[in-house]
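Note sheet for the following structure.
Every number in this text was worked out from the coordinates using simple rules, so none of it is lab data. Given the structure is predicted, the values throughout are model-derived calculations rather than measurements. Cβ sites come from the backbone with ideal geometry, for glycine too, and all protein chains shown count toward neighbours.
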Amino acid sequence: MTLLIQIAQFIFIISILVILHELGHFIPAKLFKTKVEKFYLFFDYKFSLFKKKIGDTEYGIGWIPFGGYVKIAGMIDESMDKEQMKLPPKPWEFRSKPAWQRLIIMLGGVTVNFFLAWFIYSAMLMYYGEQYVDNSKLDYGVYVDGVGEKLGIKKGDKIVSIDGKPLEQFGDAAINILLGDKMTVNRNGKNITFPLKDEIKKLVLENQGKRFITEAIPSKIGFVGEEYAANKAGILKGDIITSVNDKKINYWQDLVKEIRSNKDKDLNLLINRNDELVNLTIRVPDSLIIGISSDIAIMKKAVVTKEYTLATSIPRGFEQTIDVLVKQVRQFKLVFNKQVQGYKHMKGPIGIVTIMSPTWDWQFVWRFMAMFSVWLAFLNLLPIPALDGGH
């Protein structure tokens, strides 16, 4: 069922993007009295699911849901009949139109993609608002795994800047690090700057889907479930776990690791309770759930929520669109970087389906559609015939 939902989301997103993108070519072509031979949603290799000719244009639905196209008479592309090109241009052909009209027709799809993304981001801001973790309010700094440590980041570091630019939203940390050249952190009260090496960024890409940097969460107990092992062992809300089996614990993430690696075993805990040290023993059940959670109030302090009106959502939506575009252009350089080898991690349609939400999530759908629309706009500006929005 999960896969079907993911496929449905992918087809829904692609369908809207393709139809609107191709309309960006189709409408100006019609306005300039250029003959449009075909308008297709999805590719119709060998056969189509539906087709109907209205006027000079054949409208249809193909069976390969990875795109679509318009075929404009006289547009020079990979499908052009070379013999046809030897003939004088007809008045209704693309090649007979003035340069400014040809430019508008060619850039129509890109323009629609950009404005669609802008519209979606603005609408989402007005409807959902904006919520993010303020990097400057992360009192306990960041938590990194082995890959993050190889980059030069240590647990508890506070990010000051990446490439000299202060980091406002912590959610941007991972992508900015991946695209950056140097990073400055505050470590034990001192600012330290170090290079972000390409050979380590390669490891980041190889661990796709795994976050190498997260907010550091203190090992303070925020909740104890009544019927669970933690309550039976005597753990109380407000306790701070300082060590597990004589292994020092500073962060919640470390505590979780110890619990997960000691299934059906006893854990000897050293707890700071109101500045007094308490020793407790707890048995980790087969389910690995001992009935505790972190102190959410600590993390809530770093969360910023903003509300937007129509007037304020439009400029902010434009900023988000430009930010996504800039990041995608910068990511493109990783594809050709021999050390990072980003080309090995590019996703095709099947790969994209796997990153869809496992449940139908409208917020995810619209956000992904906006991001993908910007990506399509960028790809269509590249001098690659198959991506030009034509046949």
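Going by how many other Cβ atoms sit within 10 Å of their own, how do K263, K46 line up, fewest first?
Values: K263 11, K46 8.
Final ranking by Cβ density, sparse to dense: K46, K263.
Could you calculate the contour length gain from S293 to E276, that is, 0.36 nm times the residue separation minus the distance between their Cα atoms, to one decimal place in nm?
Numbers: separation 17, 0.36 × 17 = 6.12 nm, distance 2.12 nm.
Between S293 and E276, full extension yields 4.0 nm more.
Output wanted: per-residue J couplings in Hz (rounded whole) for the range 49-58, from phi through Karplus 6.51 cos²θ - 1.76 cosθ + 1.60, θ = phi - 60°, x for Gly and Pro.
For the range 49-58, the Karplus-derived couplings read 7, 7, 7, 8, 8, 10, x, 8, 10, 9 Hz, x marking Gly and Pro.
Of A117, G148, N279, which is farthest towards the positive pole of the chain's charge dipole, taken about the Cα centre with +1 and -1 on the beta-carbons of Lys, Arg and Asp, Glu respectively?
Comparing the listed Cα positions along the dipole, A117 ranks first.
Counting only C-alpha contacts under 8 Å and six or more residues apart, can you give the relative contact order of the range 1-154 as a whole percent?
Working: 187 pairs, mean separation 34.3, N = 154.
22 percent.
Using only the Cα atoms of the range 221-294, what are the Rg and Dmax in Å?
Computed over the Cα atoms of the range 221-294, radius of gyration and Dmax are 10.9, 32 Å.
Name the residue farthest towards the positive end of the dipole of the chain from the options H25, F364, N245, assuming +1 on Cβ of Lys and Arg, -1 on Cβ of Asp and Glu, about the Cα centre.
H25
From the backbone phi of the range 284-300, what are the Karplus-calculated ³J(HN,Hα) couplings (6.51 cos²θ - 1.76 cosθ + 1.60, θ = phi - 60°) in whole Hz, Gly and Pro given as x?
Working through the residues one at a time gives 7, x, 4, 6, 6, 9, 9, x, 10, 9, 6, 7, 4, 4, 5, 6, 4 Hz.
If amide hydrogens are placed 1.01 Å from N in the peptide plane, which non-local residues have theirs closer than 5 Å to the one on K38?
E58, K71
Using the 2.2 N^0.38 Å rule of thumb for compact globular proteins, work out how the range 159-286 stacks up: its C-alpha Rg over that value, please.
Working: Rg = 18.7 Å, N = 128, 2.2 N^0.38 = 13.9 Å.
Rounded to two decimals, the normalised Rg is 1.35.
Just want the ordering: L382, L267, from fewest to most Cβ atoms lying within 10 Å of their own Cβ.
Values: L382 10, L267 20.
Lowest count first: L382, L267.
Projected area of the range 288-330, taken from the Cα convex hull and averaged over every viewing direction, in nm²?
Details: hull surface 25.0 nm².
That works out to 6.2 nm², a quarter of the Cα hull's surface.
Once you've got the GNM for the chain with C-alpha springs shorter than 10 Å, pick whichever of I177, I54, I221 has the biggest mean-square fluctuation.
Of I177, I54, I221, the most mobile in the Gaussian network model is I54.
Running a GNM on the chain with Cα contacts under 10 Å, which residue among L151, L178, L270 ends up with the highest mean-square fluctuation?
L270
Which loop GluC sites (Glu not before Pro) in the range 226-276, with loop taken from DSSP, have no more than 11 other Cβ atoms within 10 angstrom of their Cβ? Please list the in-between numbers first.
Numbers: sites: E226, E227, E258, E276; in loops: E226, E227.
Filter output for the range 226-276: E226, E227.
Please return the longest range in the chain lying between exposed loop sites, taking chymotrypsin sites (Phe, Trp or Tyr not before Pro), DSSP loop only, at most 14 other beta-carbon atoms within 10 Å, and leaving the sites out.
Details: sites that count: Y45, F47, W63, F336, W360.
Counting only loop sites that pass the neighbour cut-off, the longest clear stretch is 64-335.
What number, in percent, do you get for the relative contact order of the chain if the mean sequence gap of Cα pairs under 8 Å and at least 6 apart is divided by its residue count? Present the calculation step by step, with values, prior to reporting the outcome.
Values: 676 pairs, mean separation 82.0, N = 391.
This gives 21 percent for the chain.
For the chain, take the longest principal axis of its alpha carbons; what is the angle in degrees between that and the long axis of helix 2-31, to the nearest 10 within 0 to 90?
For helix 2-31, the angle is close to 40 degrees.
Can you give me the relative contact order of the range 221-294 as a percent, contacts being Cα pairs under 8 Å and 6 or more apart? The partial results should precede the final answer.
Details: 133 pairs, mean separation 30.3, N = 74.
Here the relative contact order equals 41 percent.
For the Cα atoms of the chain, what angle does the longest principal axis make with the long axis of helix 362-381, in degrees from 0 to 90, nearest 10?
Tilt relative to the chain: about 50 degrees.
What value does the range 2-105 have for Rg/Rh, both radii from Cα atoms and Rh as Kirkwood defines it? Numbers along the way, then the final one.
Values: Rg = 15.4 Å, Rh = 14.9 Å.
Radius of gyration over Kirkwood radius for the range 2-105 works out to 1.04.
From the gyration tensor of the Cα coordinates in the chain, what semi-axes in whole Å does the equivalent ellipsoid have, largest first, with each one equal to sqrt(5λ)?
Details: eigenvalues 560, 103, 76 Å².
Listed largest to smallest, the semi-axes of the chain are 53, 23, 19 Å.
Which value, in debye to the nearest 20, gives the size of the charge dipole of the range 221-294 about its Cα centre, when Lys and Arg are +1 and Asp and Glu are -1 at the Cβ? Working shown, then result.
On the way: 10 positive and 11 negative charges, 36 e Å.
Result for the range 221-294 is approximately 180 debye, rounded to the nearest 20.
Under the rule of at least 5 residues apart or a separate chain, name every residue whose amide H is placed under 5 Å from the amide H of G222.
Sorted by chain and number, the residues that satisfy this are G238, S293, S294, D295.
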